[in-house]
Structure formats: structure tokens, C-alpha cells
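K.L.:
One structure, as C-alpha cells, below. Some questions next.
The values are calculated or read from the model by the stated rules, or taken from the named source; none is laboratory data. Keep in mind that what you see is a predicted model, and the values were worked out from it rather than measured. Methodologically, a virtual Cβ is constructed for each residue, glycine included, from the backbone with ideal geometry; neighbour enumeration extends over all protein chains shown. Areas reflect the complete protein model, heavy atoms only, side chains present, ligands, DNA and RNA absent. Shrake-Rupley method; radii C 1.70, N 1.55, O 1.52, S 1.80 Å.
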Amino acid sequence: MLINFFLKRTYRINVNTIQWNKTIRNHQLNGNYQQALKLFQIGIEKKTFQPNSVTYLTMLDICKELKSLSTIRTIHHLIDSSKNLNNNDDDIYNNPRIRSLLMDVYIKCQDLDSAYRVFQSMNERNIIDYCGLMTGFNNQGQYEKTYELSKKIPSSMKYSSPLLCTLILQACTELKQYDDGYKIHENGKHFLSNNKMFMNELLNFYLKFNQEKQALDIFEKNSNQLTIIDYSLLMKYYNHQYQPQKTIDLYYRLKKNSHIQIDHIIYVLVLQAIANGCCLHTSEQIHDHIKKFGTNIDIDNALINMYGKLGNLDQAEKIFHSMSKHNIISYNILLNLYGLYRQSDRALNCYNQMYQQGHRPDDKTYVILLHTLSQTPNKINDVKRIFFNIEENKRGPILTSAMIAALIRAQLFDEVNELLKKLPKENILFYAIKANINGTIDKFNYPIVITNEQLALYDLLMNNMYTYGGLNDRLTTIDEILYENDKLKNMLSYSWFEKSNGKIEYFKSNNLQLENCEHTEKLALENALEEQKISSLPILIAKNHRICNECHEYFKKISLSFVSKKNIYLRDSTRFHLFSSGICCCELA
Ligand SMILES: [Zn+2]
Ligand SMILES: [Zn+2]
């Protein structure tokens, strides 16, 4: 009706435009975007009115809602054509608000190339334009573009907006540009006291570069405006750095802070710390807190992992079965535990069940599964079936190494040699295998950080080789090379347990000369026996590396002696050892 009314009449341009703008605007205000668009199109087609800047600003706002790329392109074309109209009173083409909005709409429609072209066509750009474009780039992971752009911003503008600084810092973090990020900190210091977003990003920046001191400085100096995100960033960092005590301490500090509501991510992080720190005492208390808080799938998964890592597989399975829904992480966690407890039948069942439930395995699933099954030579056909069913281009170095470990254990050396050809040279496992099979070793640039997964596989590989050779485990060339890096040496050689006061105690070797496994687990056991006289809990000791034969014998001997009437658990990188009455469960399999 309305449209017909307009079409039947002819107006003089100016009066017409005001009237049309009003009607389009009314449609917009009522949320009738499609109608507004239709009206605009008809007006243009029939040349019944001449859109002005006001029309385009309204239409661009409407495009933002409609998120239709073809529409925005048409309107962009019209705006560009207006260049030839030579209207001095209303320069649509150079109108900075129209340019900004046009760019913004392209960003909203995820067309960043077009947005960038509009940006480049602008005569002047303000902070909002920069922020808009950089937000778009960062959201799409195009950090190089944000970084490039940051080099072109006049510095008077660069350090005047906390949002701009945050966006550039984000790009510096992702692109590992420490010096540029540091400069942002130096020049943007004054934002720290009143901008949580900037502070949070700066904390993230320093943690990503392992600059714990700087990160803590920011954390402590701005404690009045810390948020849950800052706590979780720091806790995640400590978990990653094998410092569970610090994660647990942060949890208790947070608990005392009545201004911040604890969320489920914090619980997941503290449960991970308890699992790694072997904190039997603390675990009960935190589980009570969780019962009051309520659980979700992530917390349940973390609880399964925690109980399993604390030696209580039954409880872990119980929680798994009580869950109404599982995800791939639930299965990976349970499979990993079956690996630690050498339950290869249960692992296979769990894997089949996972398939039946419609979950597709990911890389992690395969590595864990192969790791677990490879311990049982008679499962080698299952291992092969699973491995060769995975498309060849999806078999990464870790997975291939896990397969090699399994083949070694099953003594299928021809097949080992075939797979060896496919391992990339920079992989630590590749060197480990070569050094031990062919007896040749060159020094190599191993990665500074070796993941738990790689370590476990490496240790498993060594275990399998020695089992095959009927040899006692000893310090290998690769171990020696790893021990040259202090950080890795600490991580690999320390043993620890939780004292009854809830503090984790670490034991390091006093040996100046490297020998065997450094035997720190012996030291830990002696201390734990003393400590646990007053506790009803079992003895649980952990180590990130494989236990050597000598220590293994020592643990057996202690479990036989009158000193210990309790079960003694040792969790090393590849499995759980349960020592009782002079025998270890690993010898019964
Ligand atoms: Zn030892
Ligand atoms: Zn054992």
C-alpha cells in the first residue's frame, strides 16, 4: 500500500528524499529491515528519489542487521558512483561516517578484504576505525594484519586507547613479538590501574613468554581489580609448568576472596593440579567444595582424571558411569587411565563403546589407545588394525612412534624399519629409536618443552626395548641429553608426594654425577614412610620419568618389610606400580 502510494506520485528531488528517508527510517525503527530495503531498491530503480548521506547511513545500519554481503556490495557500489555527482553540500563518497560504517558492515559480514580496502580509501582514520578493523582481524586469527597495521598508526594515537593497545598486544602474543609487546606495556602502563581488559591481556602476554616474574608483578599490583579470568590464566600457566602447589594456593586465595565468584573452569584447573601433585589429602576437601558448587561435564571429566591419577580407578569408573552424557574428552581420560593401569581389555571395550555411542576418536584417542595396547604383545593385531585404518596422511609423528613402540614390543622389526622412514628427523622419539636400534647418535636440537605425551611415549619405548632385550633399564644417551637442560632435568628427575599438611614436597638428587634415574623416588619413599605413620591414606609417590630397575627393587623390598603395612603406589610416566608384600603389580601382568 505504502509503496504504491509513493510510486504513483512524482516528487521534486529534495522534498522527495526527506520523505523517503523518513519512511525508510520508520521501517528500520520498527525492525522491518526487509521492507526498508525493498523501498530503497524500488526508489533507486524507478529513480523516484536521490539518496543522500542520511539515506546511506540508515541503509548501512540496516545492512549491519541483515548481514547480507550482496546488499552491502550494491550499496557500496552506489556510494562509489555518487563520486561523480559533484554535490558540494553533501559529499557522500568522502563522508567519514559513511566510510567508517561501510567498513564496519563488511567486518560484521566477515569480509575483511573489502573492509580493508574501504579502510585504505579513507582520508582520515580515527581510533574507532583502527579498533574495528583490528578486532575483525584478531577474531579471524589474522594477527599478522593487525601487527602490520600497528606499525602504521601514529604513536600519539597508538598509546591513547586501551582497546587499541589490547588488540595489538594480542597480535604480539600470537606472533611471538616480545619486544613490541613490551613496548606496549611501557607506553600503556597508565591503563593498568583502571582497565581490566588491558591488564588481563598483558598478564596473558607475559605468561605466554614464560615471564612469570613480570606476570606476577602485574597480578599482585592490581589485585583490587583481578577477575576470574586472571586467576584462571595464572592457574593454567602453573599447571603447564608442573607447579601444582601454586595452582592449589591460588585456588584457596580465590576462595577467600568474596568479590569473585568461582566458576567451573577454576575447579577443572585445581582438580588437574591435585591429580598431578598426588594430593590425596587436599582432594577430599576440594571434592566437598564441588559437591556444594554443582558439577558439569568438564568437572566430571576432571574428577575422573583426578581419582584415576590418585590410584583410585574404581572411583574414576564410578563417576564415568554416573554421568548422563560423555564427550570425547571423557573417553580419552578413561582410556589414558586404562593405559596407566595396563587394562588393555577394558581399554578396547571402552574404545568400542565410544564408537557405538557415535563419538569419533581424535589424535589423542589413537595415541593413548596404541600406548595402552602396545603393552600387551598379544594385542598386536588389534593395534595394527586400528593404526592401518587411520588414513596415512593423518598419522602424525607421535602416533607413528606409538606404533613403533608397539611393534618393538611384539618384536616385529621389519615393520619397525618401514615406519622409521616416515618419522620426521626433528622428533625426539626418532632419535631415541635410532640411538637405541642402530647405536648411532648425533646431538640434536630437541625442543625445549617436551609434552607429557611425548615423554610417556619415549619412556614406554625405552621400556619396551629393554624388555625385549632382557636388559635392566639404564640412563640412555637421550636421557643424558635431556638432563643437560636444567628445566627438563628438574621436571624429569624430581619425585614428590603430598604431606599430611597438604603441601607437596619435592625430592631432588644430590648426585653430582649422573647415574641411572637419579633415584629421587627412593628419597621420596623414605620421607613418605616417616610422614605417613600418622595418616590412614596409602603412600603415593609420583615421577615424570620412568622408574629404574634398582629403585623398583628397592620399593619391593620396602613393601615387604615391617616398616610399611600399607600399599605403596608409584606413578611414573608410563604406568602405576602398586607394591604390596614384596611384589609389584607390573610383574604379574
Ligand atoms: Zn632409580
Ligand atoms: Zn612395577
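K.L.:
Pairs, please: C-beta under 8 Å, at least 6 apart or cross-chain, first residue open to solvent by 80 Å² or more (accessible area, probe 1.4 Å) and in the range 575-589, second modelled with pLDDT under 85?
P.N.:
Listed by first residue and then by second, the contacts come to A589/Q375; A589/T376.
K.L.:
Answer with yes or no whether L399 is modelled with pLDDT of 80 or more and open to solvent by less than 100 Å² (accessible area, probe 1.4 Å).
P.N.:
So L399 passes the test.
K.L.:
Being assigned to a loop (DSSP other than H, G, I, E, B) and either within 13 Å of ligand 1 (Cβ to nearest atom) or open to solvent by less than 40 Å² (accessible area, probe 1.4 Å) (or both): is that true of E518 here?
P.N.:
Criteria met by E518.
K.L.:
State which residue is modelled with the lowest pLDDT when the search covers only the range 510-521 and only residues that are farther than 14 Å from N544 by Cα and not charged (D, E, K, R).
P.N.:
L514
K.L.:
Which ones in the range 123-166 are in contact (Cβ under 8 Å) with a residue 24 or more places away in the chain, outside any helix (DSSP H, G or I), open to solvent by 50 Å² or more (accessible area, probe 1.4 Å) and closer than 19 Å to K108 by Cα?
P.N.:
N126, Q140 - these are the residues of the range 123-166 that are in contact (Cβ under 8 Å) with a residue 24 or more places away in the chain, outside any helix (DSSP H, G or I), open to solvent by 50 Å² or more (accessible area, probe 1.4 Å) and closer than 19 Å to K108 by Cα.
K.L.:
Modelled with pLDDT of 95 or more and open to solvent by 50 Å² or more (accessible area, probe 1.4 Å): is that true of L202 in this structure?
P.N.:
Judged against the criteria, L202 is not a match.
K.L.:
Follow-up question, since we're still on this one. Got a sec? Which of Q357, Q375 is open to solvent by 40 Å² or more (accessible area, probe 1.4 Å) and not assigned by the TED database to the domain that holds H577?
P.N.:
On inspection, the qualifying residue turns out to be Q357.
K.L.:
Okay, next question. Working only within the range 534-550, note down all residues that are among the hydrophobic types (A, V, I, L, M, F, W, C), crowded, with 22+ Cβ neighbours inside 10 Å and more than 10 Å from ligand 2 (Cβ to nearest atom).
P.N.:
Correct list: I539, L540, I541, A542.
K.L.:
Taking the range 554-573, which residues are of a type outside the set (F, W, Y) and near ligand 2 (Cβ under 10 Å from one of its atoms)?
P.N.:
Matches in the range 554-573: K556, L570, D572.
K.L.:
Let me ask something else. For the range 270-321, how many residues are in contact with a Pro (Cβ under 9 Å, 6 or more places away or on another chain) and open to solvent by 10 Å² or more (accessible area, probe 1.4 Å)?
P.N.:
Number of matching residues: 4.
A quick yes/no check of all residues on (1) without any contact (Cβ under 8 Å) to a residue 40 or more places away in the chain; (2) not in a loop (DSSP other than H, G, I, E, B):
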| site | (1), (2) |
| --- | --- |
| L39 | yes, yes |
| G43 | yes, yes |
| M59 | yes, yes |
| S70 | yes, yes |
| D80 | yes, yes |
| N84 | yes, yes |
| I92 | no, no |
| L101 | no, yes |
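K.L.:
A further question on this structure: Here is a list: N393, N336, N389, N381. Which entry is open to solvent by 70 Å² or more (accessible area, probe 1.4 Å), closer than 26 Å to E587 by Cα and out of contact with any Leu (no Cβ under 9 Å at 6 or more places or on another chain)?
P.N.:
Of the residues listed, the single one that is open to solvent by 70 Å² or more (accessible area, probe 1.4 Å), closer than 26 Å to E587 by Cα and out of contact with any Leu (no Cβ under 9 Å at 6 or more places or on another chain) is N381.
K.L.:
Could you check the range 185-203 and list, in sequence order, the residues that are assigned to a helix (DSSP H, G or I) and in contact with a Ser or Thr (Cβ under 9 Å, 6 or more places away or on another chain)?
P.N.:
Matches in the range 185-203: N187, G188, F191, K196, M197, F198, M199, N200, E201, L202.
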